[in-house]
Amino acid sequence: MTDRPARLPLWQVVAVARNGVIGGDNRLLWHIRTDLQRFKALTMGKPMLMGRKTFASIGKALPGRETIVVTRDRGFRAAGVHVAHDMDTALALADELGDQMKAEAIAIVGGGEIYAQTLAQAARLYVTEVDLAPEGDTFFPHPDSGQWREVSREAFAASARDDAGFAFVEYRRFGPDVTGLRKL
């Protein structure tokens, strides 16, 4: 966890299986076309912060966003990517890039350790609940239900292009523990 409050609100964008799994062997364990479209819509025009393994699973910087990779590897370099070696530096860079982009938020997109380090500062959670329970090695941290309120939910049956049914759920932080957060 970091003590540095971000100026821009943090939005965590994640797809989570029923058992809390978000990935395995450095990859997504399902394909849901509509979720990929939602991911693009939620992250477009924003600084997008992720860990090195998540970046490796994507394989490249995505257009229309500024990619910030947090890694302890001092030799890590990738085309079109900003590199930070700790979360405070990453958030400061994300704020700076977000100001330049006139972004409304910073998108936190994984993996498990990055979600855990930023959850206490997040203002919103954009969760895709995937109706599967695969074995995996990366998990989403369990948010404190006393600090989050579900504000929208839209459920979908699996289509021919999806591996499972799913629901898009938005949570917003509420209550006394929102100090230091810029809420929208």
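What residue, of Gly98, Gly136, is touching a Leu at 6+ places or on another chain (Cβ under 7 Å) and more than 25 Å from Gly45 (Cβ to Cβ)? Give the steps one after another, and end with the answer.
Working: Gly98 fails: more than 25 Å from Gly45 (Cβ to Cβ).
The unique qualifying residue is Gly136.
Residue-by-condition table, conditions (1) under 29 Å from Asp25 (Cα atoms); (2) hydrophobic (A, V, I, L, M, F, W, C); (3) part of a loop (DSSP other than H, G, I, E, B); (4) over 21 Å from the mean Cα position of the chain (by Cα):
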position: Glu135; (1), (2), (3), (4): yes, no, yes, no
position: Pro141; (1), (2), (3), (4): yes, no, yes, no
position: Arg149; (1), (2), (3), (4): no, no, no, no
position: Ala155; (1), (2), (3), (4): yes, yes, no, no
position: Ala160; (1), (2), (3), (4): yes, yes, yes, yes
position: Ala164; (1), (2), (3), (4): yes, yes, yes, no
position: Val169; (1), (2), (3), (4): yes, yes, no, no
position: Arg172; (1), (2), (3), (4): no, no, no, no
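If a residue has to be surrounded by fewer than 21 Cβ atoms within 10 Å (Cβ to Cβ), part of a helix (DSSP H, G or I) and in contact (Cβ under 8 Å) with a residue 60 or more places away in the chain to count, how many in the range 100-116 make the cut?
Here the count works out to 2.
Got a sec? Which of Arg74, Arg65, Arg7, Arg18 is at pLDDT 95 or above and touching a Lys or Arg at 6+ places or on another chain (Cβ under 9 Å)?
Arg65
Any chance you could count how many residues in the range 72-99 are β-branched (Val, Ile, Thr) and surrounded by fewer than 20 Cβ atoms within 10 Å (Cβ to Cβ)?
Here the count works out to 2.
For every residue, the table says whether it meets (1) farther than 21 Å from Arg18 by Cβ; (2) among the charged types (D, E, K, R).
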position	(1), (2)
Leu97	yes, no
Arg124	yes, yes
Thr128	no, no
Asp162	no, yes
Gly165	no, no
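So which residues in the range 84-112 are of a type in the set (A, V, I, L, M) and touching an Asp or Glu at 6+ places or on another chain (Cβ under 9 Å), if there are any at all?
Leu93, Ala94, Leu97, Met101, Ala103, Ile106
Mind checking whether some residue in the range 127-146 is out of contact with any strand residue (DSSP E or B) (no Cβ under 8 Å at 6 or more places or on another chain), in contact (Cβ under 8 Å) with a residue 60 or more places away in the chain and buried (at least 17 other Cβ atoms within 10 Å of the Cβ)?
no
Quick check: anything in the range 52-61 surrounded by 14 or more Cβ atoms within 10 Å (Cβ to Cβ) and farther than 20 Å from Thr138 by Cβ?
Within the range 52-61 (the criterion being surrounded by 14 or more Cβ atoms within 10 Å (Cβ to Cβ) and farther than 20 Å from Thr138 by Cβ), the answer is yes, since at least one residue qualifies.
The values are calculated or read from the model by the stated rules, or taken from the named source; none is laboratory data. Source: prediction; values computed, not measured. We place every Cβ from the backbone using ideal geometry, glycine too, and count neighbours over all the protein chains shown.
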